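Undergrad: Have a look at the structure that comes next, please.
We did not get these values from a lab; they are worked out from the coordinates using the rules stated. Given the structure is predicted, the values throughout are model-derived calculations rather than measurements. Using ideal geometry, Cβ is built from the backbone for each residue, glycine included, and neighbour counts are taken over all protein chains shown.
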Amino acid sequence: MISNKTFAHGTKKGIKLIIELSKYIIPSVFVIKILEHSGLLERVSGFMAPYMSYIGLPGEGALVLLFGQVSIYGAIGAMLPLGLTAKQITICCSIIAICHAIILETVIVNKSGANGFLNAGIRFLAAVATGLVLNLIIPGV
Amino acid sequence: MDWMKIFAETLETSWNTIFKMIYIVIPLFILIECLKDSGWFEKISSKTKKITKLFGLPGESALGITIGLLVGLTFGSGVVMQIKEDVNINRVQLNILFTFIGICHAIIEETILFTTVGANGAILLLNRIIMALAFTVIYMVIHTYFRQKAVKKTNAAM
């Protein structure tokens, strides 16, 4: 039954998530800012740009996808300072939504008796497919 | 490098987002708790029975799929582990279940978080559900193909 306890519980969980988010977002933004100011971001971006162009992302997108393997909050933090377009944000988020925190979740899946590595492989393939398909069907840049 | 500038920019960018999320995340979690306590998950799991039937899973696993889909992978796998004690569910069925849940989980929370940073929620959600269904079916097809091959091989050997 819904009681006052339900609301208290929900608020508590929400505040917990905000704190958890801050723990990931602030360091991620900080790291990206350091990379940006030191000129390293440009070099990584230039190196990755030809590969990332297949899925419609700029070279910096590779870093966002990498941060997403720590946690989706990390990816959100890394995405903020980059100034991506609406299409790029949608593609980036779709990929991360499918394939995030893969190490942690492989452990969870393994623990419940299914094959975690198979699961991780399928998710990776689904993420690549998402990038390729969405890049083709979403209009705009 | 100008460290003061880096600190200032970091705080500005993070604060803007975190502040926006406070307004979204707390009501969302209250809503999820309300749904949980009002028994809505049990009700909706009769709808997800269609998915379990399509994938050849036992009907009891519908609750696991529902919780995984709406709340998160950790909770979902907890429910599946409980279900495993009551119902006979083999490794292949578990793989099918987790292929679906692995691609498509915590859809309420993650969709809303990504929409706050500017993603198109409809595309995000639709793509995720389609990918989950598609890759689960692909896994099933490939698995049956190889099993039939193995059965033929043993038959030929006999």
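Undergrad: Dipole of segment A:1-53, Cα-centred, from +1 at each Lys and Arg C-beta and -1 at each Asp and Glu C-beta, to the nearest 20 debye?
TA: Working: 7 positive and 3 negative charges, 85 e Å.
Charge dipole of segment A:1-53: 400 debye, to the nearest 20.
Undergrad: Name the aspartates and glutamates eligible as straight-distance cross-link partners of B:LYS20: C-alpha to C-alpha under 19 Å, and not fewer than 8 places from it in the same chain.
TA: A:GLU20, B:GLU9, B:GLU12, B:GLU109, B:GLU110
Undergrad: Along the positive direction of the dipole of the protein assembly as shown (beta-carbon charges: Lys, Arg +1; Asp, Glu -1; about the Cα centre), which of A:TYR51, A:LEU84, B:VAL151 reaches farthest?
TA: Value: B:VAL151.
Undergrad: While we're on this one: Where does the charge balance sit around B:ILE6 when Lys and Arg score +1, Asp and Glu -1, over other residues with C-beta under 10 Å from its C-beta? It would help to have the intermediate numbers written out before the result.
TA: Details: positive: A:LYS33, B:LYS5; negative: A:GLU36, B:ASP2, B:GLU9.
That works out to -1.
Undergrad: After finding the eigenvalues of the alpha carbon gyration tensor for the protein assembly as shown, what semi-axes result from the square roots of 5 times each, listed largest first in whole Å? Let's see the in-between values first.
TA: On the way: eigenvalues 250, 139, 47 Å².
Rounded to whole Å, the semi-axes are 35, 26, 15.
Undergrad: Per DSSP helix of 4 or more residues, -39500 (n - 2.57); summed, then divided by the residues of chain B. What does that give at 222 nm, rounded to the nearest 500?
TA: Details: 7 runs with 133 residues, N = 158.
Using -39500 (n - 2.57) per qualifying helix, the result is -29000 deg cm²/dmol.
Undergrad: Starting with the fewest neighbours, write out B:LEU133, A:LEU40, B:LEU124 ranked by other beta-carbon atoms found within 10 Å of each beta-carbon. Each step should come with its number before you reach the end.
TA: Details: B:LEU133 16, A:LEU40 11, B:LEU124 25.
Lowest to highest Cβ neighbour count: A:LEU40, B:LEU133, B:LEU124.
Undergrad: Three principal axis extents, largest first, for the C-alpha atoms of segment A:4-137, in Å?
TA: Principal-axis extents of the Cα atoms in segment A:4-137, largest first: 52, 36, 27 Å.
Undergrad: Restricting to DSSP H runs of at least four residues, report the calculated mean residue ellipticity at 222 nm for chain A, -39500 (n - 2.57) per run over all residues, nearest 500 deg cm²/dmol. Walk me through the numbers before you get to the answer.
TA: Numbers: 7 runs with 108 residues, N = 141.
For chain A, the value works out to -25000 deg cm²/dmol.
Undergrad: Below 10 angstrom from the Cβ of A:GLU60, what's the summed charge of the other residues (Lys, Arg +1; Asp, Glu -1)?
TA: -2
Undergrad: With each label point set 7 Å from Cα along the Cα-Cβ vector, what nm distance links B:ILE24 and B:ALA156?
TA: With each label placed 7 Å out from Cα toward Cβ, I get 5.6 nm.
Undergrad: Near B:LYS50, which lysines are there with a Cα under 24 Å away, not counting those fewer than 8 places off in the same chain?
TA: The qualifying lysines are B:LYS36, B:LYS84.
Undergrad: For A:ALA8, what is the net charge nearby, where nearby means another residue's Cβ is under 15 Å from its Cβ and Lys, Arg count +1, Asp, Glu -1?
TA: Neighbour charge sum, excluding A:ALA8 itself: +3.
Undergrad: Give or take rounding to whole Å, what are the principal axis extents of the alpha carbon atoms in chain B, in descending order?
TA: Result, largest extent first: 77, 46, 27 Å.
Undergrad: Would you mind ranking B:TRP15, B:TRP3 by Cβ crowding within 10 Å, fewest neighbours first?
TA: Numbers: B:TRP15 14, B:TRP3 9.
Going from least to most buried by this count: B:TRP3, B:TRP15.
Undergrad: For a test of understanding, tell me how many lysine pairs in chain A have Cα atoms under 20 Å apart, given they are 8 or more places apart or on different chains. Please report the intermediate quantities before stating the final value.
TA: Numbers: A:LYS5/A:LYS13; A:LYS5/A:LYS16; A:LYS12/A:LYS23; A:LYS13/A:LYS23; A:LYS23/A:LYS33.
The number of close lysine pairs in chain A is 5.
Undergrad: I've got another one for you. Obtain the nm distance between the two label points defined at B:VAL92 and A:ALA8 by a simple spin-label model: each point lies 7 Å from its Cα along the Cα-to-C-beta direction.
TA: With each label point 7 Å from Cα toward Cβ, the separation is 5.0 nm.
Undergrad: Convert each backbone phi in segment A:85-98 into a coupling constant with the Karplus relation 6.51 cos²θ - 1.76 cosθ + 1.60 (shift: θ = phi - 60°), then list the ³J(HN,Hα) values in order as whole Hz, x for Gly and Pro.
TA: In residue order, the calculated couplings are 7, 4, 5, 5, 5, 4, 5, 4, 5, 5, 5, 5, 4, 7 Hz.
Undergrad: Just want to confirm a number: the relative contact order over chain A, from Cα pairs under 8 angstrom separated by 6+ residues, in percent.
TA: On the way: 148 pairs, mean separation 30.8, N = 141.
Computed over chain A, the figure is 22 percent.
Undergrad: Helix A:102-111 versus the longest principal axis of chain A: what is the Cα-based angle in degrees, 0 to 90, to the nearest 10?
TA: Result, in degrees: 40.
Undergrad: Give me the distance in nm between label points sitting 7 Å out from Cα along the Cα-to-Cβ direction at A:ALA86 and A:LEU136, one decimal.
TA: The modelled label-to-label distance comes out at 2.4 nm.
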